[in-house]
1. Does any residue in segment 142-170 that is within 25 Å of E126 (Cα to Cα) come within less than 7 Å, Cβ to Cβ, of a residue that is aromatic (F, W, Y) and open to solvent by 70 Å² or more (accessible area, probe 1.4 Å) six or more places away or on a different chain, and which pairs are these?
2. Could you list all residues from segment 49-70 that are open to solvent by 10 Å² or more (accessible area, probe 1.4 Å), at negative phi and either assigned to a loop (DSSP other than H, G, I, E, B) or not acidic (D, E) (or both)?
3. Test H93 against the criterion of being within 22 Å of K140 (Cα to Cα), within 16 Å of the ligand (Cβ to nearest atom) and not in a loop (DSSP other than H, G, I, E, B), and give yes or no.
4. Working only within segment 116-170, note down all residues that are within 16 Å of the ligand (Cβ to nearest atom), of a type in the set (D, E, K, R) and in a helix (DSSP H, G or I).
5. So S106 fits all but one of (1) in contact with a helix residue (DSSP H, G or I) (Cβ under 9 Å, 6 or more places away or on another chain); (2) open to solvent by less than 80 Å² (accessible area, probe 1.4 Å); (3) more than 13 Å from the ligand (Cβ to nearest atom); (4) not in a loop (DSSP other than H, G, I, E, B); what number is the exception?
6. So is G38 open to solvent by less than 60 Å² (accessible area, probe 1.4 Å) and outside any helix (DSSP H, G or I) or not?
Amino acid sequence: MLDKKVIKLLNQQVNKEFYSAYLYLDFANFYSAKGLDGFANWYEIQAMEERDHAMLFYRYLHNNNAGVELEAIDKPSVKLDSLMDPLKEGLKHEEYVTGLIHDLYSAAHEAKDYRTMQFLDWFVKEQGEEEVNANDMITKMELFGSDPKGLYMLNSELKSRVYSAPSLVL
Ligand code: FEO
């Protein structure tokens, strides 16, 4: 049986990951309205990945006979004006999620819950990759975004991203 505090945080993470999916869909929606289908594609896939993350937490709770409680998902509240805004907000959000995963890891460690720690290892690594990707997007936009040709090329590059299921299977 998992520790009560760990169960609570795992449940909370289901909601946070679904919120991340919703936030990234909002970013895709923003770029789509601007005619930047590559940026929209990148964030649509990002949203799918976040839904996958939510489902991994959901399944992990079920696999450990812990209750899952689905809470309301907040409306994305980030104000988006410039083409750079979603990229900067995306990085901020990933740093926040990294903090949540680390808090969860600490709680599992405190409860000597080695199974949950091992489950979370994948997410610790994933968060590292997410932050690198978010930083790269900002750098590329800074370098090429102000030039129409550069923006066109960047949009084309982002359009080629394809969805793949997470490497962690439960
Ligand atoms: Fe679920 Fe972007 O981390």
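The values are calculated or read from the model by the stated rules, or taken from the named source; none is laboratory data. This structure is a prediction, so every number in the text was calculated from the model and none was measured. Methodologically, a virtual Cβ is constructed for each residue, glycine included, from the backbone with ideal geometry; neighbour enumeration extends over all protein chains shown. Quick note on the areas: whole protein, heavy atoms, side chains included, nothing else; ligands and nucleic acids left out. Shrake-Rupley method; radii C 1.70, N 1.55, O 1.52, S 1.80 Å.
1. L154/F144
2. R51, M55, Y58, R59, Y60, H62, N63, N64, G67, V68, E69, L70
3. Working: within 22 Å of K140 (Cα to Cα): yes; within 16 Å of the ligand (Cβ to nearest atom): yes; not in a loop (DSSP other than H, G, I, E, B): yes.
When the stated conditions are applied, H93 passes them.
4. D121, K125, E126, E129, E130, E131, D136
5. Here S106 clears every test but (1).
6. Working: open to solvent by less than 60 Å² (accessible area, probe 1.4 Å): yes; outside any helix (DSSP H, G or I): no.
No: the conditions fail for G38.
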